[in-house]
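Report on one structure; see the data block that follows.
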Amino acid sequence: MFKLNLKIAFRNLLKNRGYAVVNVLGLVFGLTSFLLLLMYINHEQDYDRWDSGLSNVYQVRERHDFFSPDGKQHWQYGIDSKIAGLLKKSIPQFRQVTKVSVLWRNGTAIKIGQSEPILMNDLLEVDSLFFKVFPYKFLKGVQKTAVSEPNTMVLKESAAKKLFGTLDVLGKHVKVLRWSSDEGKTYQVKGLIADPSTPESLSFGAVLHSGEREKDPEGPGSTNYCQVYALAGDQIDTTAVAKAVQKTYIDYKKSTFAALKTSYDDYYKGEMFPGLKVVPLQQVHADPPLSKSWLEKVKPIIGLTVFLLLVSVINFVNLATVQSVQRAKEVGVKKVLGAYKRSLLMQFLLEAAILSSVALVISIALTELLLPVFGRHFEIEMTFWNNSRLWSLMIQLGAVFVVVTLLSGFYPALVLSNCNPVDVLKGTYERGLKGVALRNGLLVLQFVIAVTFIIGIGVMFLQSSYVAHKNPGFEPDRLINIKTSYQEDLAEKIRRVPGVKYVATTTQVMGNVFNVPREITYKSKDYKLNTVTVTMDALQALGTQLVVGRLFSRAYAQDTLNAVVLNEAAAKLLGGHMLGQQYVLKDEGEKHTFQVVGIIKDYHNEGFDKEILPTIYKASSRGGTSSTNNLLIRFENENYQQTISLIEAEWKKKYPDYPMVYTAAESAFQDALKADRRFIEMVTVFSFISVALSLLGLFALAAFVSKRRTKEIAIRKILGASDLQIIRMLNRSFLILVLFANVISWPIAYVLTNKWLSGFAYRIDMPVFPFILATLLSLTVALLTVSLQAKKAAVSDPVNALKYE
Amino acid sequence: MIELKNIEKYYANKGVKSYILRHVSTSIKQGEFVSIMGPSGAGKSTLLNILGMLEEPTYGAYEFMGEDVVSLNERKRIELYRNHIGFVFQAYHLIDEMTVAENIEAPLLYKKVSSAERKSRVADVLDRFNMVAKKDLFPNQLSGGQQQLVGIARALVAQPSIILADEPTGNLQSPQALQIMELFKKLNEEENITIIQVTHSEVNAAYGSRILHLLDGVIKEDLSLQQVI
Ligand SMILES: Nc1ncnc2c1ncn2[C@@H]1O[C@H](COP(=O)(O)OP(=O)(O)OP(=O)(O)O)[C@@H](O)[C@H]1O
Ligand SMILES: [Mg+2]
């Protein structure tokens, strides 16, 4: 019986090849995107699962406003290093506490022997307890003592291969330069650890142990920031621990404030309050401080994917029920031959299962094919077959298969197996076919989704072209940024290179923003403003636009003392007409007075989702602190490649052991727009697929309806109706449906796109055009699709149609 | 075998009952060959459908082999289809996606007959109907008469006690029609299968042993034919 059903299924599929292909294709689209999403979610949930012991590891977070992007207090994982010792002392549940600092992400130079230095940007500086907390597997070396001596390091397998080209690294010495002007220190490799099987939130290629992390800065006023991780015993009472942690912190803060003779209560007021907490390491990736979690980021994509799968399933259901008319006779006959309803139901589910398994297989192949592209898009690495959780992935796929089969097969199967044999055998089934309302409903739903997508693309496109054409307030072309501290001697040498216009530094540039909030007093009112330290010609180098007054200049000796430039946002915040005005800054009890010498246009240094902060620009004679990590170079003309190699030669002379790394401001600017652009690309792809699917559905339905009405059409033609009249007749009902779908889509699309737009500090007003466009487009395409079918029916020979009725 | 008592069937249309069958009472015994005749719209098909339990009467009692059909559940009815009733249709109603052999085999599958037995029975029937050469063809590759032969073969293969046929020769030329009638007669006489057919043709009806004349839903005449031929 099963065999025969299978045979019939295949014969049917072959006979209705067109429908089968459309059905499978639709499902493939939906499933592939769903699979990709599923794998992405699996990948993200896999963070920090490489050892069971990691469930007892906690990341410590402190609430503070130091280096926070908006100058406000946030939970951060860069915390006061003294907290580590504090927790170890007063929280007995924590067996080990380790301090880790991430070395500058722009690169640490590793020099092996006399070879060219290699830049690594995934190094950690750790204290001697690191491997007591993180249970890495040592392939070589001894876990307990690997980093107990100063100037030791441990490499991951992958990093060892990259640096040395061999795993035989134990005992070797390397010279490490943390920044360009660092004279460097020699470390000995004391261990080699296996790369963990899952991604890590604290990822690294190698850990260094210089010994500096062992001690904290002295004196209550000085703080050093690092990350702190604690290993707890099994099953700690988290609420009790959280309470103890918070209490320890408050006591510590109170004693610090007392030692500094400042008022604890004055400091912690309003939105400021003390806070210290521990977060399980395995939740860190899902709950990052200062940024949206991955789940938050992919939520819209989850929505899109589920919708796409839904559209493809609807497509399937529509096509299947439409086809069921053809199958009704088979069902009727089988019923009078003694088939149970259940066995018929199973037969049709079997057919749906065949189609969805074919779709699933194709989707898996397609997913495999798309993974590299997808991975590049999201900057992650995933493989299908080498997936560490292949089994659980298989189970998930099985579940998806069952759900899709049931969703798409159950309703058509039910309709068919419920049909009354008398109707079928009498030939009245087709006319009496129920579910017309349902099919129309599904079609409307498909179009609602498609139209919403189209409107979405329209709005996104307008917003992104607005952003792309928006004046960033500075000139990103002919500008590069070398990631290094500003050294006057090198700057002077570079200035002399032909083709170089300005060499400068600033603490705030696209791609590397360091906001320092300062409180000032102006006309006896206090304001909190962002402060940026620049060299004399940094604002010129950036190409900022002066509104009134002047920029800093060497011609004015006092510029490095008490002159400031404001951006328009700051001027506005302070009440406007700021040129020549003075304000007061209190610094450790002393009062300094500054005068505004110029006002510049706001310029963007982050994505357009972020508001430009009211900012004070202050010139520094020292060329900024060594931590700006920006060396801006503006060139005279577009062809500056030659000039760069000249600069590189100067660099080599000064820093032979540290490679020069630079980014073009243009590409940093593009990077800032990347996330939004990616999202728009995604939505565009999804939209096209969903629109295509909806049209397929419409096409099939139109084909079905015109087939069902063949006889009617033939008779009308014999009675003298023109082809055009017949096409119009068939179109009418569909156009009403599509129009109806449009009306439903408008408010939905409005709410969704409005929500998306509100994520941008700089955005367009809600445009009307995409709405009109979507409606016109959907109507036109629907009209064309239906007309194509209707035309086929209308021009067919009426005699044939009647003869075979 | 069949007992009909006061069978009524009507459709209510805008409050008006339009009767299709009225006070139909009759009994049919095992081994009879009954032809139902009457003008178009007289209710012949409706009566046959009720006999085949495809439709329910609005009123009246129907006993099939001693069982009350009205109170029969779906499962029991399907059991009757599997074991006792064979249908033959005017439009043949073969399953297009199955070959001749598969079409004939289908009812045996539902009866859960073993594979070996199925094979031999299908081969047997094909042989009897001279269709062995055609067994792997699909219905649309056969003539109308051949299709109807397959339809009858399918009805027979499960060895039913009764065959219900609604104008089995309605779409056929008379030589083919006569062939089918001969077949019915043979089955009726040699295997004692009860046959109830709807027909417009006096010639076809003459093959049977009894004629029910239906007019406007009422049995006007119940004629027993003398087996003189
Ligand atoms: N669903 C229905 N609703 C209303 N009336 C119906 C319905 N089905 C059948 N009828 C009516 O029942 C009557 C009997 O129909 P039936 O098919 O039994 O006639 P018949 O004797 O087989 O005619 P023919 O020889 O043309 O096949 C007809 O008048 C028909 O209009
Ligand atoms: Mg009839």
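The values are calculated or read from the model by the stated rules, or taken from the named source; none is laboratory data. Just so you know, these numbers come straight off a predicted model, no measurement behind them. FYI the Cβ positions are ideal-geometry reconstructions off the backbone, even for glycines, and counts take in every protein chain you see. Accessible surface areas use protein heavy atoms only, side chains included; no ligands, DNA or RNA. Shrake-Rupley method; radii C 1.70, N 1.55, O 1.52, S 1.80 Å.
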Next on the checklist: I need a count of the residues in region A:414-424 that are touching a Ser or Thr at 6+ places or on another chain (Cβ under 9 Å) and more than 14 Å from every other protein chain (Cβ to nearest Cβ).
Outcome noted: 1
Item to check | Number of the condition not met by residue A:653 [criteria: (1) outside the structural domain of residue A:753 (by TED's automatic domain parsing); (2) within 21 Å of the chain's Cα centre (by Cα); (3) surrounded by fewer than 21 Cβ atoms within 10 Å (Cβ to Cβ)] | outcome: (2)
Checklist entry - Looking at residue A:184, is it of a type outside the set (A, V, I, L, M, F, W, C) and either in contact with a Pro (Cβ under 6 Å, 6 or more places away or on another chain) or surrounded by fewer than 15 Cβ atoms within 10 Å (Cβ to Cβ) (or both)? => result no
Item to check | Residues that are at pLDDT 85 or above and surrounded by 15 or more Cβ atoms within 10 Å (Cβ to Cβ), drawn from region A:624-647 | outcome: A:631, A:632, A:633, A:634, A:635, A:640, A:643, A:644, A:646, A:647
Item to check | Unique match (being away from chain B (no Cβ under 14 Å) and either farther than 20 Å from residue A:384 by Cβ or among the hydroxyl-bearing types (Ser, Thr, Tyr) (or both)) among A:13, A:35, A:87 | outcome: A:87
Next on the checklist: Suppose the filter is closer than 26 Å to residue A:12 by Cα, more than 16 Å from ligand 2 (Cβ to nearest atom) and more than 21 Å from the chain's Cα centre (by Cα); does residue B:119 pass it?
Outcome noted: yes
Checklist outcome for this item: Here the residues within region A:168-184 that are modelled with pLDDT of 90 or more and of a type outside the set (Val, Ile, Thr) are A:168, A:170, A:171, A:172, A:173, A:175
Item to check | Scan of region A:331-357 for residues that are closer than 20 Å to residue A:10 by Cβ and open to solvent by 10 Å² or more (accessible area, probe 1.4 Å), ordered by number | outcome: A:343, A:345, A:346, A:348, A:349, A:350, A:351, A:353, A:354, A:355, A:357
Next on the checklist: Please go through region B:1-10 and give me each residue that is surrounded by 17 or more Cβ atoms within 10 Å (Cβ to Cβ) and either within 16 Å of ligand 1 (Cβ to nearest atom) or outside any strand (DSSP E or B) (or both), ordered by number.
Outcome noted: B:4, B:7, B:9
Item to check | Filter pass, residue A:360 being open to solvent by less than 40 Å² (accessible area, probe 1.4 Å) and not in a strand (DSSP E or B) | outcome: yes
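Yes or no, residue by residue, for (1) away from chain B (no Cβ under 14 Å); (2) more than 27 Å from the chain's Cα centre (by Cα):
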position: A:291; (1), (2): yes, no
position: A:299; (1), (2): yes, no
position: A:302; (1), (2): yes, no
position: A:311; (1), (2): yes, no
position: A:320; (1), (2): yes, yes
position: A:330; (1), (2): no, yes
position: A:340; (1), (2): no, yes
position: A:353; (1), (2): yes, yes
position: A:358; (1), (2): yes, yes
Item to check | Whichever residue in region B:37-77 is touching an Asp or Glu at 6+ places or on another chain (Cβ under 8 Å) and within 15 Å of residue A:420 (Cβ to Cβ) and, among such residues, is farthest from ligand 1 (Cβ to nearest atom) | outcome: B:50
Checklist entry - Are there any strands (runs of 3 or more DSSP E) wholly within region B:11-116 with 3 or more residues that are more than 12 Å from chain A (Cβ to nearest Cβ) and farther than 27 Å from residue B:187 by Cα, and if so which? => result B:16-28, B:59-64
Checklist entry - Tally time: how many residues in region B:21-33 are within 15 Å of ligand 1 (Cβ to nearest atom) and open to solvent by less than 10 Å² (accessible area, probe 1.4 Å)? => result 2
Next on the checklist: Condition (residue is touching a residue at least 40 places away in the same chain (Cβ under 8 Å), assigned to a loop (DSSP other than H, G, I, E, B) and under 27 Å from the mean Cα position of the chain (by Cα)) applied to region A:363-382: is it met by at least one residue?
Outcome noted: yes
Next on the checklist: Just to be sure I understand, how many residues within region B:181-229 are among the hydrophobic types (A, V, I, L, M, F, W, C), open to solvent by 10 Å² or more (accessible area, probe 1.4 Å) and over 20 Å from residue B:49 (Cα atoms)?
Outcome noted: 7
Next on the checklist: So residue A:113 ticks every box in (1) within 25 Å of the chain's Cα centre (by Cα); (2) exposed (fewer than 15 other Cβ atoms within 10 Å of the Cβ) but one. Which box is left unticked?
Outcome noted: (1)
Checklist entry - For residues in region B:136-180 being more than 22 Å from residue A:337 (Cα to Cα) and buried (at least 19 other Cβ atoms within 10 Å of the Cβ), which is modelled with the lowest pLDDT? => result B:172
Item to check | Verdict on residue A:556 being assigned to a strand (DSSP E or B) and either modelled with pLDDT of 85 or more or surrounded by fewer than 15 Cβ atoms within 10 Å (Cβ to Cβ) (or both) | outcome: no
Checklist entry - Checking residue A:399 against (1) modelled with pLDDT under 80; (2) surrounded by fewer than 17 Cβ atoms within 10 Å (Cβ to Cβ), which single condition isn't satisfied? => result (1)
Item to check | Criterion (in a strand (DSSP E or B), charged (D, E, K, R) and surrounded by fewer than 22 Cβ atoms within 10 Å (Cβ to Cβ)) met by exactly one of A:475, A:492, A:519 | outcome: A:519
Checklist entry - Of the residues B:82, B:75, which is away from ligand 2 (no atom under 16 Å from the Cβ), closer than 30 Å to residue B:108 by Cβ and open to solvent by 70 Å² or more (accessible area, probe 1.4 Å)? => result B:75
Checklist entry - From the list A:71, A:30, which residue is on the phi > 0 side of the Ramachandran plot and either surrounded by fewer than 20 Cβ atoms within 10 Å (Cβ to Cβ) or away from every other protein chain (no Cβ under 14 Å) (or both)? => result A:71
